[in-house]
Amino acid sequence: MIWGRERLAIGIRRALNGIDSAARIVVVVALLSELGVVMTDVTIRFLFSQSLLWSEEASKLCLTTLAFLGGALAYRAGFRLSAPSGDSRRRPSVDNRRCG
């Protein structure tokens, strides 16, 4: 029975790695799309003094995609970001030794 569980775990791991790869592709496409939309809008605004009507909505959609999928990918990869909160005069509870 243990062999069956290991096989299931390997299958789930492969599926999650596939989802991870697909999410990375979506994040890269969203980043390049946002860059293209913003640069195109700025160029058209500079040259013709008019703006694209859809550029703001498209850039917001790309940014939202980047934030949420990028955050999920970073979490799965083990990157954690923390910010201090509360009274800054208190001593940190974590030992601040150098890693590496």
Here the stretch 1-72 gives, from Cα atoms, an Rg and Dmax in Å of 19.5, 70
Net +/- balance of residues flanking R7 in space, Cβ distance below 13 Å, scoring K and R +1, D and E -1:
+2
What is the magnitude of the charge dipole of the stretch 2-77 about its Cα centre, with +1 placed on the Cβ of each Lys and Arg, -1 on the Cβ of each Asp and Glu, and no other charges, expressed in debye to the nearest 20?
500 debye
Name the residue farthest towards the positive end of the dipole of the stretch 2-77 from the options L73, S33, C62, assuming +1 on Cβ of Lys and Arg, -1 on Cβ of Asp and Glu, about the Cα centre.
L73
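Only the coordinates and a few stated rules stand behind these numbers; no lab work does. What you see is a predicted model, and the numbers here were worked out from it, not measured in a lab. Methodologically, a virtual Cβ is constructed for each residue, glycine included, from the backbone with ideal geometry; neighbour enumeration extends over all protein chains shown.
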